[in-house]
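Here is the structure we will look at.
All of the numbers you see were taken from the coordinates with simple rules; none came from a lab. Just so you know, these numbers come straight off a predicted model, no measurement behind them. No Cβ is skipped: glycine too gets one built from the backbone with ideal geometry, and neighbour counts run over all protein chains shown.
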Amino acid sequence: MPQRPAACLFDLDGLLLDTEPAHARAWQEAASRFGRPLKEAELLSLRGRRRLDCASQVRQWIAASGGPALSEQELLAVRQPIAEALLAGAPAMPGAEVLVRRCLALRIPMALATSSARAAVEVKVAPHPWMALISERVYGDDPDLVSGKPAPDPFLLAARRLGVAPTACWAFEDSRAGVAAALGAGCRVHVLLPPGVSCRAYPDGVVCLNSLEEVRLDQ
Ligand SMILES: [Mg+2]
């Protein structure tokens with residue numbers, strides 16, 4: 001197996017930017033407003049998925065526990081203003097900028113494979129000029145995208161746009177849905193473990209990281 005990746009495919013939320021606390025808090029506040037606080041495991045299961053897919057899941061939880069029958073739009077009308085205020089200030093994850101700059105120095109092509117919509121990504125990356133070094137991007141609302149994570153489509157599309165085989169790519173993820181997507185695409189998967197999640201939760205061959213600072217691209 002070649003040691004150096006043909007390309008690096010990066011997730012955004014919870015991987016390059018520390019946005020997951022903001023996402024979780026926004027879902028928690030919105031669900032609580034309808035009388036259905038979310039459990040920690042439920043919040044974890046929302047990670048890495050597209051906003052509309054999350055809204056569909058949360059509205060089902062609310063309805064199943066006797067709460068109001070909401071549409072996704074009614075739920076998002078409450079959730080989005082909370083999320084947007086929190087997300088605009090999200091910091092980078094430790095080691096993220098160094099890793100991206102190292103890829104650039106080694107001439108390893110990079111792409112973003114995110115479930116986040118283009119407009120939301122623009123808000124989040126605005127304080128982080130180094131994010132512009134990742135010029136190829138697959139967004140959650142990408143017109144060429146059929147299915148979101150956990151389907152492999154975002155990683156397959158990112159690899160295709162870079163002109164490399166997905167099996168020669170390293171994918172960097174933090175969520176269950178994202179790891180499933182990257183494995184399905186055939187990538188070599190690196191998972192940045194969320195707090196309280198063990199490497200035993202992942203199949204053999206997945207590289208577990210406690211920080212992006214542990215990544216070695218040129219061993
Ligand atoms: Mg993520």
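Estimated at 0.36 nm per residue, the fully extended path between Ser56 and Ser147 surpasses their Cα-Cα distance by 31.3 nm. Most mobile of Ser175, Ser56, Ser135 per a Gaussian network model of the chain (Cα springs, under 10 Å)? With Cα springs under 10 Å in the chain, the top fluctuation among Ser175, Ser56, Ser135 is at Ser135.
By the count of neighbouring beta-carbon atoms within 10 Å, fewest first, Trp170, Trp130 end up ordered Trp130, Trp170.
Arrange the following residues from fewest to most other Cβ atoms within 10 Å of their Cβ: Ser45, Ser32. List each step's numbers first, then the result.
Values: Ser45 16, Ser32 11.
Sorted ascending by nearby Cβ count, the order is Ser32, Ser45.
Taking all Cα-Cα distances within region 62-194, those exceeding 17 Å account for 65%.
With contacts taken as Cα pairs under 8 Å and at least 6 residues apart, the chain reaches a relative contact order of 27 percent. Helix 153-162: angle to the longest alpha-carbon principal axis of the chain, degrees 0 to 90, nearest 10? That helix lies at roughly 30 degrees to the long axis. Computed over Cα pairs, the Kirkwood radius of region 20-87 leads via Stokes-Einstein (1.306 mPa s, 10 °C) to a diffusion coefficient of 137 µm² per second. Quick check: the distance between the Cα centres of region 111-161 and region 31-84, to the nearest angstrom? Here the answer is 23 Å between Cα centres.
Altogether, the Stokes-Einstein calculation at 4 °C and 1.567 mPa s, with the Kirkwood radius of region 64-112 over Cα pairs as Rh, returns a diffusion coefficient of 88 µm²/s. Within region 61-92, what residues put their amide N at less than 17 Å from the label point 7 Å along the Cα-to-Cβ vector of Ser32? Taking a point 7 Å out along Cα→Cβ of Ser32, the residues of region 61-92 whose backbone N falls under 17 Å are 62, 78-87. Listed by Cβ neighbour count within 10 Å, with the fewest neighbours leading, Ile134, Ile82 appear as Ile82, Ile134.
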